[in-house]
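Peer 1: Mind looking over this structure? Questions follow.
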Amino acid sequence: MTEPDKRRRDPTRVRYPKVKTGCVTCRNRRVKCDETRPSCLRCRKYGTECGGYLPGRRRPPSSAYGSFATQARALVPKDEGQLGGQLTFQPAMSLFETDLEHRYFRLFSDHIATEICPYFNPETWSRMILQACAADASIRHAAVAIGALGKTYETAQAGSCAVTGQKFTSSIGFPAPRVSIENRSVEEIVASANLATEAYEHHQTALEQYDKALKRMRKDISSGEQSLRTTLLICIVIVCFEAIHGNHISAAAQLQGGLALVQDWMSRQQDAHQHPQGFSSPAPDDVEDYLVQTFGRMEIQSMSVFDPRPVEKHHALRGEGKQAVQQMPTPFSSIEQARVYLDLITRRLMHYNHSIHPRGPQQSCLPVKVTPMPWALQSTPQPMPWIDGKIPLPNANSTLSQSDLHAEQASLNQELTTWTEAFAPLLSLSQTIGGQDAISALTLSVSALTSKISLRAAFFINESAYDLFLPEFKTIVQYSTLLLALLEQQQLSKPSPSFSPSAFSPSSSSPSTSHPPPLSERTECGLALRFSFDIAVVPPLYTVVIKCRDPHIRRAALKLLDRYPRREGVWDSVAVAGLGRWVMALEEEGALRWQSASPPDTTTPSPYPSTTNSKAKSRSPSIPHPGQPSPSSSSYYHPSTPQSSYSNGTIPAEKPPREYPIIPEEMRVRKAIMRFDLLERRANMSCMQMDFGSGKFVDKREVFRW
């Protein structure tokens, strides 16, 4: 018997299916190919040149519409034992210069990579980014930097400290637990000082690794060795690092640069019109669907707070994907499928809103401190909440009279209604199943409700019109309450990384003598970065706090922002809550002064919310004496609010719930805007409100620190 015959008949030999779609080199070598594009990792590992893939063996491209029905994960209860058998590709230890780098990377791969995607299944993202780390040094350095940054926040929070010299917060949007020095022993104070020093060292390592990532990236780009897919992945990781670090200006610039790359690439592909931007890829072998969809979601985030593109650009893009939406399946077969279509509808309506709401002028260049990436646009978009983009008054009459705009608004509203009806069975099923499916479904529902409010409010010229959305505001708070409770329960059930200062000590290999505080004085679970790459609940809750005048609903939204501090992209819940609390204080103080200047109304009071009192409109209110304290001069806050203050040095205080006034139209705040610096933990807030004496709208400004 020959040797090949023995191998064929050997029953103990492990048999694998034949490789039919692998690269040319792996097929010739008769080995299994991992099919990584454009060149496989197996060839790179063995130092051989990958022969690429035959045209006839390409993976089937995504259908222009409806392909997600077969590709998306079905919504069924997940077998917990199934995940344990899945293997995630990890870079070899030899790819790291030091053992410390490897430990930082393991912190990123084992915990942070999934924690930054808490609202949806992170498996696809984790697999994609970890494979990229194994293949590209610049992405690997950036991942190590994020791991070191995560360790920075964990150590600083455990020691109740913040290294102000390097301008990083002790946790993401959430102050460290405050334990006064008077209440701590000498050993605890020394331990806290040691942890502060260690946090500083972790932060220095994060900045060093980030610098290495940028240098290697620039080298690869200049040599032409970097593919578009790799460039886009680096852009995502860099935006993630800058957002976690709190540098929202740099994150915004890199995000805009990445979006420009994707849109330019898609416009040059064949049949590009069949693949709406952010929906599907016209060439999935080069850039897969998931990566295109990720940048589509980043575009939504960009338009939610900062978008330097001109009105003409939004006007051209607002028709993108209309045919795809018309062929939307009903009902949806999976959460992922519903998410892709909701993202498409949201982008369409946001382009619509931006095309009729022109923005103010933007700065023409980046500040000196910001170093632009090779793909970054030369502009500095500034954050501006998108829900309040009103039509300029001189253009109001001409805009409101355009029937084609109203027809398009009605069409977009119908798209949202169709999506809601198609998603209803999945929403009901997911709430029964619970877990990650329920979190994802509730997130989509909250996003859809917020988009509905934004679209229908496109032509509002007064604040009282928002009272029509009281049912939507209430549902947003209810869904967000359930969502955040489920998310907290899920995070607490996960094993947290062990707190071992000596294992991550950059300066010494000997065990540290510091002892972390007990778990009750630390974060709820491990790192607890409280950072999400996607936006989910913070913008919707901000909308409720600013636009809902029902005192109980808006305070319930504010309570959620306080109780579950987090940062979603550049949306920071602590900064948003500070703006909302200030707006509430201005409106309720103005309402009390308005009521005190008006004679008592003997008519039967209407239930809240109420429309503007026509009698009050015709009266000219009087102002109390300058030395006389106003009926309500302090801001309001929930007891669980992190300690914060305004520029006048006052600390917000809770108002008795029995005295909430009805906010008349005259006292409602307009154009609430926030310019924040997350590194300095400071927000410059401004708005417009009617002056109590002159009856004219005036600018009001405040500085909020936390």
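Peer 1: Starting from the Cα of Glu225, step 7 Å along the direction of its Cβ; do the same at Glu49; then give the gap between the two resulting points in nm.
Peer 2: Distance between label points: 1.6 nm.
Peer 1: Right, something else. Rounded to the nearest 0.05, what FRET efficiency is calculated for Gln263 and Phe459 with R0 set to 35 Å and r the Cβ-Cβ distance?
Peer 2: Result of the calculation: an efficiency of 0.75.
Peer 1: Okay, next question. With a point put 7 Å past each Cα toward its Cβ, work out how far Ala272 is from Arg705 in nm, to one decimal.
Peer 2: 5.0 nm
Peer 1: Please report the spacing between the Cα centers of the range 220-252 and the range 425-477 in Å, no decimals.
Peer 2: So the two Cα centres are separated by 32 Å.
Peer 1: Just grab the label-to-label distance for Ala193 and Ala485, each label 7 Å out from Cα along the Cβ direction, in nm (one decimal).
Peer 2: About 4.5 nm, to one decimal.
Peer 1: Rounded to the nearest 0.05, what FRET efficiency do Ala137 and Cys117 give with R0 = 22 Å and r taken as the Cβ-Cβ distance? Could you check?
Peer 2: For R0 = 22 Å, the calculated efficiency reads 0.40.
Peer 1: Could you list which residues have their amide H under 5 Å from that of Leu678, counting only those 5 or more apart in sequence or on another chain, with H placed in the peptide plane?
Peer 2: Those qualifying (amide H under 5 Å, at least 5 residues apart or on another chain) are His248.
Peer 1: Which entries of Lys32/Lys219; Lys547/Lys696; Lys559/Lys700; Lys313/Lys452; Lys212/Lys313 show an alpha-carbon separation above 27 angstrom in the structure shown?
Peer 2: From the list (Lys32/Lys219; Lys547/Lys696; Lys559/Lys700; Lys313/Lys452; Lys212/Lys313), the Cα-Cα distance tops 27 Å for Lys32/Lys219; Lys212/Lys313.
Peer 1: Determine, for each peptide in 289-298, 117-126, 423-432, the mean count of other beta carbons within 10 angstrom over its residues, then list the peptides with the highest first.
Peer 2: Descending mean neighbour count gives 289-298, 117-126, 423-432.
Peer 1: Also, quick follow-up: Can you work out the Karplus-derived ³J(HN,Hα) for every residue in the range 335-349? Use 6.51 cos²θ - 1.76 cosθ + 1.60 with θ = phi - 60°, whole Hz, and x for glycine or proline.
Peer 2: 4, 4, 5, 4, 5, 4, 6, 5, 4, 5, 5, 4, 4, 4, 6
Peer 1: What's the FRET efficiency of Leu468 with Gln323 using the Cβ-Cβ distance as r and R₀ = 30 Å, to the nearest 0.05?
Peer 2: Efficiency for this residue pair is about 0.45.
Peer 1: How much length would be gained if the chain were fully extended between Arg218 and Leu679, taking 0.36 nm per residue of separation minus their Cα-Cα distance, in nm to one decimal?
Peer 2: Using 0.36 nm per residue and subtracting the Cα-Cα distance, I get 163.4 nm.
None of the figures in this text is laboratory data; all of them are computed from the coordinates on show. Only a predicted model underlies this, so the values are computations on that prediction, with no experimental measurement involved. We place every Cβ from the backbone using ideal geometry, glycine too, and count neighbours over all the protein chains shown.
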